[in-house]
Amino acid sequence: MKEIFLKPGEIEFSMEPARITTVLGSCIAVTIFDKKLKCGGMCHYYLPLASPNSKNLNKYGEYAIANLLKKFKEVNSSPRDLEAKIVGGGNVINITKIGADNIGEKNASMARQKLQNFKINITAESVGGNTGRKIRLYTESGKIDLRKLKENDTELQETGQYLEKTTSIILPNSIRRAQAQQAIQSEEVSPTHIQSVKKSGPIKILIVDDSKSMRMILRKMIEKYSDMLVMAEAENAHVAQEIIDKQKPDLITLDINMPGMDGVTFLKSYMPKTPIPTIMISSLNKAESGPVFEAIESGAFDYIKKPSLDEIENLSGELHEVIKAAFDSHYIEKRHAPSVSKGLTINTTEEIINSSLIAIGASTGGTEAIKDVLIDLPKNVPPIIITQHIPPVFSAAFADRLNTLCKFSVKEAEDGDELRPGHAFVAPGGKHMKIINQGARRLIKLTEDPPVNRFRPSVDYMFDSISSFTDKRVIAILLTGMGSDGAQGLLKLRENRAYTLAQDEKTSIVYGMPKVAAEMGAAKEVVALENMSEKIANYLNKK
């Protein structure tokens with residue numbers, strides 16, 4: 001039988017019977033076995049997140065697991081036939097010399113997170129503790145032998161010495177901020193998602209628009225990138241449906257206003273039976289604000305501004321980013337039926353209500369997430385401030401929509417508005433929102449200061465303005481969205497004793513902003529969207 005020794009940063013897979021062996025300190029080995037094809041493989045990594053300049057990405061959990069799964073994809077494995085085991089992550093930093101606080105635990109957490117993303121069943125774990133481990137995987141059965149190693153074990157020391165020689169990454173003890181920066185930087189690296197395992201080749205896109213010139217512009221924007229391909233164009237819903245029936249595209253860009261069947265009606269017709277990631281193309285005017293929100297409610301991922309010919313260069317990057325996010329995020333699987341009211345109540349003193357503040361930040365997927373959080377809260381809520389990345393015309397419509405659904409008042413913020421219980425304020429598109437103290441009053445100040453994290457309004461800008469409110473009961477929440485806006489501000493709020501929450505990966509349409517916040521320790525709790533309003537009420541009800 002073939003014998004293979006796996007070094008840190010290596011991946012091995014075999015269709016033939018083989019024994020794959022490795023030695024682990026704070027590193028993690030993930031073994032995967034296909035119970036139908038009777039084949040197996042293993043990856044061994046020693047840090048959870050990669051830095052942008054890393055050459056061997058298999059040293060890092062965010063890549064190693066995905067790249068191991070690619071091996072199974074190449075032999076047509078089905079995710080439902082795969083079983084995973086996680087081993088390692090011991091508290092043996094003094095041996096590996098690459099360590100930081102709880103690096104073994106962080107490595108194990110990365111394994112669970114990535115396997116969950118890929119919907120791979122985890123059948124066993126042996127992680128943590130104060131010992132190293134030596135394991136052997138039998139690829140024909142998926143079984144493993146495991147032996148725990150003492151600190152002075154020769155094999156474990158040799159592994160530590162190998163790591164010292166082969167890595168230049170020495171994480172400081174202040175791991176929280178360092179990892180946060182790595183997480184922000186690594187967004188540019190585009191880690192492999194489940195879609196990369198499911199499919200190879202460019203993303204196949206169907207453009208649906210009644211304007212021939214608009215179809216031409218969108219095609220030019222899309223085909224600037226080698227990872228995207230326009231598979232077909234359709235001038236109306238009827239032609240588009242014929243294309244979908246013959247060859248299902250990976251993604252659709254869909255015009256809202258079309259003769260015959262409009263884009264929103266067409267979306268509602270195909271999404272229940274043929275769910276396809278869809279991006280609405282909107283003129284971003286007041287007339288289209290209602291249809292855009294209706295499309296999001298009906299399953300569209302996001303919307304972008306209808307480009308003109310001279311905006312191809314400026315907007316093609318944005319379109320590419322949104323298409324990639326829609327394709328990679330599995331957002332269709334995360335959509336849920338409208339939640340049933342929990343009948344939440346806030347039973348606390350008027351003094352606590354008046355001295356409390358709820359601040360919410362979100363981006364892609366946020367209009368629905370914010371609605372889900374607010375709709376179940378009772379009328380007697382503390383003041384609420386909301387920053388959602390949104391175009392100027394849409395922010396007023398978004399606030400009006402919330403106002404019709406919520407038990408309390410919601411409006412687009414105006415300069416000088418006073419924060420009051422039972423009132424929520426949405427930052428206007430194109431303007432930052434901050435809170436200032438004027439004696440005993442707390443007032444909204446709108447500015448046109450430079451964008452922060454590329455955004456105006458910015459969540460970090462809003463969070464920073466309330467980070468000094470240590471005499472207040474502040475609840476700060478970061479919801480779904482691309483990028484990292486809000487994560488640093490949430491961390492600052494937590495360090496100043498605010499109650500900080502981040503949406504979990506399972507319920508996030510795009511796990512970007514809350515992911516960065518969670519990884520840097522900014523969130524006191526990581527919470528499923530459906531539990532967020534209950535967390536708010538419970539915190540306020542504490543005496």
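Scanning for something free of Cβ contacts under 8 Å to residues at least 40 places away in the same chain and of a type in the set (Gly, Ala, Ser), does segment 418-437 turn up at least one residue? Give the derivation first.
To start, the set of residues in segment 418-437 that are free of Cβ contacts under 8 Å to residues at least 40 places away in the same chain comprises 418, 420, 428-432, 434, 436-437.
Remaining after also requiring of a type in the set (Gly, Ala, Ser): 429-430.
Looking through segment 418-437, at least one residue is free of Cβ contacts under 8 Å to residues at least 40 places away in the same chain and of a type in the set (Gly, Ala, Ser).
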Hey, among Ala111, Ala124, which residue is under 14 Å from Tyr46 (Cβ atoms), in the same structural domain as Ala18 (by TED's automatic domain parsing), at pLDDT 85 or above and small (Gly, Ala, Ser)?
Ala111
Which residue is nearest to Tyr331 (Cα to Cα), if the candidates are limited to segment 277-294 and must be buried (at least 20 other Cβ atoms within 10 Å of the Cβ) and touching a residue at least 40 places away in the same chain (Cβ under 8 Å)?
Pro277
By my count, strands (runs of 3 or more DSSP E) wholly in segment 468-543 with at least 2 residues that are farther than 29 Å from Lys324 by Cβ are 473-478
Pairs, please: C-beta under 7 Å, at least 6 apart or cross-chain, first residue β-branched (Val, Ile, Thr) and in segment 55-79, second part of a loop (DSSP other than H, G, I, E, B)?
Val75/Met15; Val75/Leu37
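Being without any contact (Cβ under 8 Å) to a residue 12 or more places away in the chain and either outside the structural domain of Asn257 (by TED's automatic domain parsing) or of a type outside the set (Asp, Glu) (or both), is that true of even one residue in segment 307-324? Talk me through it step by step, then tell me what you get.
Applying the first criterion (without any contact (Cβ under 8 Å) to a residue 12 or more places away in the chain) to segment 307-324 yields 310-311, 313-314, 317.
If we keep only those that are either outside the structural domain of Asn257 (by TED's automatic domain parsing) or of a type outside the set (Asp, Glu) (or both) too, we end up with 314, 317.
Yes, that holds for at least one residue.
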Within segment 494-506, the count of residues that are in contact with a strand residue (DSSP E or B) (Cβ under 9 Å, 6 or more places away or on another chain) and either in contact (Cβ under 8 Å) with a residue 60 or more places away in the chain or among the β-branched types (Val, Ile, Thr) (or both) comes to 3
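Here is a yes/no grid of residues against (1) modelled with pLDDT under 95; (2) buried (at least 23 other Cβ atoms within 10 Å of the Cβ); (3) more than 12 Å from the chain's Cα centre (by Cα):
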residue: Thr470; (1), (2), (3): yes, no, yes
residue: Arg473; (1), (2), (3): yes, no, yes
residue: Thr480; (1), (2), (3): no, yes, no
residue: Leu490; (1), (2), (3): no, yes, yes
residue: Leu493; (1), (2), (3): no, yes, yes
residue: Arg497; (1), (2), (3): yes, no, yes
residue: Gln503; (1), (2), (3): no, yes, no
residue: Met513; (1), (2), (3): no, yes, no
residue: Met520; (1), (2), (3): yes, yes, yes
I'd like the residue in segment 42-85 that is farther than 22 Å from Ser141 by Cβ and charged (D, E, K, R) and, out of all such residues, is surrounded by the most Cβ atoms within 10 Å (Cβ to Cβ).
Lys59
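Any chance you could count how many residues in segment 253-271 are hydroxyl-bearing (Ser, Thr, Tyr) and under 16 Å from Gly290 (Cβ atoms)?
Step one: filter segment 253-271 for residues hydroxyl-bearing (Ser, Thr, Tyr), giving 253, 265, 269-270.
This time we only want the ones that are under 16 Å from Gly290 (Cβ atoms), so: 265.
Count: 1.
The values are calculated or read from the model by the stated rules, or taken from the named source; none is laboratory data. Note that the structure is predicted; figures quoted are calculated from it, not measured. Ideal geometry is used to build each Cβ from the backbone, glycine not excepted, and the neighbour counts take in all protein chains shown.
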